Amino acid sequence: MNIDESMLDVYIYETQQLLEALENTLFEGESEKALGSDHINEIFRIMHTIKGASSMMEFEQLAKLAHALEDMFSHIREKGVPDGDWQGIFDVTFSAVSFFNGELAKLQDKSSADGDATDILNMVKAQLERLKKGSPAAVSGESESSAQENMEKLSDGAYMSVLLPGAEEPYYKLKLFFEEGCQMESIRALGVMESIKKACSRIAYIPENLDSDSASAEIVKNGFCVYLQTCENPDVIREIIETTLFLKTYSILPIEGDDEEIPASIRRANNQGDEARRGGNSESGAADNISNEFIAKQNFISVNVNKLDHLLNVVGEIVTAQSMVINNANFGDLDRSGFDAAAQQLHSLINELQDIVMSIRMMPMSTLFQKMRRLVREMAKKLGKNIHLEISGEETEVDKNVIDYLSDPLLHIIRNSVDHGIEDETVRAAAGKPARGKISLEAHTTGSDVIVTISDDGRGLQKEAILKKAQEKGLLTKPVEEMTDKEIFSLIFLPGFSTSSEVTEYSGRGVGMDVVRKNINQIGGSISLDSVEGKGTTHTIRIPLTLTIVDGMRFSVGKTSFIVPTVSVLSAVKPDPKDIITDPEGNEMIMLQGECYSLVRLKDFFNIEEGVTDINEGMCMHISSEDRDFCIFFDYLDGEYQVVVKPLPSYLQQCTSSLSGIGGCAILGDGSINLILDVNGL
Amino acid sequence: MAKIMIVDDAAFMRITIKNMLKKSSHEVVGEAETGKVAVERYKLLNPDIVTMDITMPEMDGITALKEIIKMDPSAKVIMVSAMGQEAMVREAVINGAKGFIVKPFKEEGIISAIDKLA
Amino acid sequence: MDDVLYTAAEESEVREYLIFTVDSIDFGIDIGLVQEIIKIQPITSIPNALDFCVGILNLRGTIIPVLDMRIKLGFDAVEYDERACIVVIMLESELIGVIVDMVQDVIRIPENELIDSPPVLSNGRQSYTAKIACTDDKIRQIIDVNTVFCVNGI
């Protein structure tokens with residue numbers, strides 16, 4: 001079999017998209033315990049498309065499975081589910097989706113889709129047999145019958161039923177927050193509605209009642225969320241939104257019209273469009289509609305991530321080269337105004353280019369979160385637990401790299417929560433907790449960081465057990481009575497620690513939270529953990545939003561060059577020895593504009609051999625970190641640079657006694673490496 | 001730089017806002033102490049942005065806003081309100097006010113609001 | 001060129017090893033782990049580095065840590081001369097650079113000519129040497145990269 005690689009990419013991408021849509025539909029159906037006719041049609045269409053594509057690619061097993069499902073849903077479309085047992089249908093379809101996803105993952109890893117679908121095929125066939133045995137004319141449920149009527153009405157006019165691709169306007173989800181303390185948030189939200197409604201054909205929002213007393217408080221807490229359908233370019237909406245006074249942040253994201261989070265009033269399920277589309281009764285008719293719809297929906301192209309990585313690297317080099325050119329231009333006595341103007345323009349163009357490249361790489365967390373929903377569902381079912389996964393902030397955008405690095409840690413943490421955190425129903429009942437366990441997964445941004453929290457209301461961590469285990473493994477470095485809760489919990493992140501006493505299919509023993517922390521550290525993030533025994537556990541992951549290109553000031557200590565991000569620098573001064581105060585413990589402080597700040601000599605902090613010790617010869621910089629303002633002392637200031645930040649090789653952790661105070665490194669145009677100062681680590 | 005007209009019946013508020021705006025790049029081109037005067041001066045001065053008090057004698061801020069929007073649908077009017085005036089602010093927003101600011105406000109607040117619309 | 005060797009040892013797997021010298025002793029490392037060999041170049045030192053860690057260097061845009069094999073293996077540090085070079089090794093999924101006195105050759109050694117070395121040396125220290133090869137009347141210690149550079153090896 002000789003497959004063109006780019007076709008394979010397209011196949012994988014498209015099929016994954018379809019499976020994701022299918023899964024959404026299934027989740028929705030499962031919560032309503034049945035599928036409406038439009039959903040059945042959608043699933044039928046999806047299977048039809050996958051069948052066709054898989055057979056084109058000669059993935060025989062996948063094509064067969066898709067065909068079997070297509071048959072099953074075709075039968076359901078005609079005859080319904082006579083015995084009303086939808087759960088069996090959902091289960092087998094979910095299993096099939098997992099199988100497809102597994103095979104696609106193999107293909108993505110450049111291995112072959114060699115999985116055997118026989119078992120699952122038999123399950124599908126068994127379901128179909130079951131359906132056929134049921135009474136042929138039976139109609140299940142009232143909603144089903146009305147839907148069927150609807151369809152019949154429409155199929156009368158079958159020829160006019162092909163919907164033009166453009167007729168379906170895309171949906172968007174808009175979420176915004178106002179500045180703190182701006183007051184009357186509900187009326188501000190109303191103002192937003194007033195200004196964007198002209199540009200939208202349909203609109204719905206949360207909180208639904210802006211006149212209620214609690215609306216403002218709700219908006220302050222959760223933001224104002226608008227679901228809208230428009231044929232306008234989202235930029236038009238953006239332009240309108242951006243004139244809103246006291247707006248803090250906002251995001252606007254395309255969203256599937258049938259996504260269950262869209263308020264029912266404007267969700268696509270209510271739209272006649274879908275039913276109309278199924279009017280083409282013959283299979284080929286249906287297939288045509290699918291391809292039309294696909295083109296209409298996908299206003300995107302898929303790009304190989306390697307190309308984007310390369311692009312980012314090149315842009316980084318351009319940034320560096322640019323500052324080299326500008327810093328090294330020597331005109332002597334000649335007039336340089338022309339050069340300066342051109343340099344300024346180049347600078348702003350490059351900035352724009354950078355922003356675009358970064359934005360291309362930004363992806364919403366939604367796909368990742370969707371994966372977690374799938375995991376929780378599967379695990380809860382297998383372990384016989386009743387668990388609800390609550391998701392919020394899935395529209396938060398982060399760099400593609402961050403998504404990749406975050407996937408495994410999240411899987412791991414959520415597995416732990418489902419497996420060990422959430423108790424069995426009986427245990428929960430005995431503890432006076434609701435039978436249904438809750439795990440919440442939340443993402444939001446704070447300035448330069450993305451915070452992801454995963455919390456469960458399960459049994460929490462037992463401090464005693466952790467300490468005992470740590471003691472057994474010889475992981476304790478200080479007396480137990482001196483340890484704070486935080487320190488006890490952080491023992492879990494040490495290599496070789498795992499509290500799981502039994503090995504299950506999902507949470508193996510041994511590979512533990514140390515791997516989770518390593519992954520997160522690799523992208524410059526951090527993880528912390530808090531837990532109350534009997535109440536639950538909360539994991540907080542903090543990751544830099546985009547730490548790739550920063551403006552920085554370069555300075556040196558001895559032979560070592562550092563770069564400190566300009567955002568952290570308040571001022572740089574030539575210190576006067578008169579202003580230096582030494583306290584009895586020998587800590588130095590410096591007076592700046594009447595205020596006293598502690599002085600950190602970087603030479604001492606980093607144990608650098610050479611370097612200035614005389615206050616008269618060095619320089620000071622007034623630094624603002626997350627929790628305090630202070631001053632650093634170093635040899636001399638070199639100037640401002642724009643640099644591409646690279647993480648330090650993680651192996652270095654094994655080669656140094658401490659890397660605190662160093663957040664990464666940057667390569668300058670001359671090839672030299674500079675260390676990035678992490679002001680929060682000083 | 002935008003041309004600003006300040007509408008308020010209280011001289012104190014007009015002066016306060018004017019002083020606050022001195023530190024911005026915007027220019028106060030006129031003032032009005034009632035809604036009625038505001039509508040007339042708007043025609044004459046054609047300011048880029050209007051700050052509009054709500055409760056004023058002769059003609060209140062909401063009515064003045066409606067009149068101004070009638071003449072110039074693209075007019076940019078910022079309502080200057082206080083806690084307890086929610087209902088009126090609501091009406092102003094529906095009738096085309098570009099936004100509102102709640103007393104007491106700080107210099108940064110009003111400057112950033114005007115910067116945004118300018 | 002090594003066909004003869006190959007047929008002679010066809011019963012056993014033949015592997016290639018990069019032979020390098022540290023303090024006049026020959027060591028070998030599985031060539032499969034060696035990414036490239038570069039000459040000594042400017043290395044940026046890292047604060048608080050342990051003695052065997054020289055610093056980091058920029059390998060065409062990738063930052064890699066550089067370690068001194070002499071110190072790592074317990075020899076005294078010397079000034080590098082022009083024969084010294086940096087062997088870039090793939091360690092798990094990361095690249096590291098290792099400074100050695102000199103690189104000699106790549107040779108093929110059949111598996112059955114390798115002798116397991118005792119895991120613990122007479123001085124009680126764990127040995128970095130995984131196997132010992134005796135070919136061409138020379139003794140070469142094949143080092144186990146993972147033991148030398150892994151966490152537990154420190």
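Some observations on this one:
- The Cα trace of the protein assembly as shown gives Rg and Dmax of 34.0, 112 Å, the first to one decimal, the second as a whole number.
- As a length-normalised measure over Cα pairs under 8 Å and 6 or more apart, the relative contact order of region A:167-269 settles at 45 percent.
- Nearest-20 debye value, region A:365-544 charge dipole, Cβ charges on Lys, Arg, Asp, Glu: 420
- 13 Å beta-carbon shell around B:Ala2, net charge (K/R +1, D/E -1): +1
- Take the Cα of A:His347, step 7 Å toward its Cβ, do the same at C:Val14, and the gap between the two points is 6.3 nm.
- By the count of neighbouring beta-carbon atoms within 10 Å, fewest first, A:Leu349, A:Leu652 end up ordered A:Leu349, A:Leu652.
- Think of the protein assembly as shown as a dipole: +1 on every Lys or Arg Cβ, -1 on every Asp or Glu Cβ, centred on the Cα centre; then among C:Gln104, A:Gly681, C:Phe27, A:Gly681 lies furthest on the positive end.
- The protein assembly as shown - charge dipole about Cα centre, Lys and Arg +1 at Cβ, Asp and Glu -1, debye rounded to 20: 1880
- Using R0 = 30 Å, the C-beta based FRET efficiency linking A:Glu464 and A:Ala264 works out to 0.05.
- Shape category assigned to region B:3-105 from the gyration tensor of Cα positions, a/c cut at 1.5: rounded
- Checking every one of the trypsin sites (Lys or Arg not before Pro) in region B:69-117 against DSSP loop status and a limit of 15 other Cβ atoms within 10 Å picks out B:Lys106.
- Extension gain (nm, one decimal) between A:Tyr13 and A:Glu60, 0.36 nm per residue minus Cα-Cα: 15.1 nm
- Absence of a disulfide-compatible partner, taken as no other cysteine beta carbon within less than 4.7 angstrom, is noted in the protein assembly as shown for A:Cys182, A:Cys200, A:Cys225, A:Cys231, A:Cys596, A:Cys620, A:Cys631, A:Cys665, C:Cys85, C:Cys134, C:Cys150.
- Other residues with beta-carbon under 11 Å from the beta-carbon of B:Pro47 carry, at +1 per Lys or Arg and -1 per Asp or Glu, a net charge of 0.
- Other residues within the sphere of radius under 13 Å centred on the Cβ of A:Met619, judged by their own Cβ, net out at -1 (K and R +1, D and E -1).
- For region A:541-598, the set of GluC sites (Glu not before Pro) satisfying both a DSSP loop assignment and a count of at most 14 other C-beta atoms within 10 Å is given as A:Glu585.
- The length gained by stretching the chain between A:Ile581 and A:Leu411 to full extension, at 0.36 nm per residue less their Cα-Cα distance, is 56.1 nm.
- Mean residue ellipticity (222 nm) of the protein assembly as shown, computed from DSSP H runs ≥ 4 via -39,500 (n - 2.57), nearest 500: -12000 deg cm²/dmol
- For A:Glu194 and A:Asp404, the difference between the fully extended length at 0.36 nm per residue and the C-alpha to C-alpha distance is 71.7 nm.
- Calculated FRET efficiency, C:Asp51 to B:Ala118, Cβ-Cβ distance, R0 = 45 Å: about 0.15 to the nearest 0.05.
- Evaluating 6.51 cos²θ - 1.76 cosθ + 1.60 at θ = phi - 60° for every residue in region A:255-264, the Karplus couplings come out as 9, 5, x, 9, 4, 5, 7, 5, x, 4 Hz, glycine and proline recorded as x.
- Cβ-derived FRET efficiency at R0 25 Å, B:Ile94 paired with A:Lys248, nearest 0.05: 0.60
- Under the convention that each Lys and Arg Cβ holds +1 and each Asp and Glu Cβ holds -1, the size of the dipole of region A:167-269 around its Cα centre is about 120 debye.
- Annotation note: GluC sites (Glu not before Pro) in region B:29-100 located in DSSP loop regions with a Cβ neighbour count of at most 16 within 10 Å are B:Glu58.
- In region A:167-269, the ratio of gyration radius to Kirkwood radius, Rg to Rh, stands at 0.95 when only Cα atoms are counted.
- C:Ile31 versus C:Val106: modelled label distance in nm, points set 7 Å from Cα along the beta carbon direction: 0.4
- Once Rg and the Kirkwood radius are both taken over the C-alpha atoms of region A:365-544, their ratio Rg/Rh works out to 0.96.
Each value in this text was obtained by applying a stated rule to the coordinates, not by laboratory testing. Not measured: the values here are computed from a predicted model. When we count neighbours, we look across all protein chains shown, and the Cβ atoms used for this are built from the backbone with ideal geometry, even at glycine.
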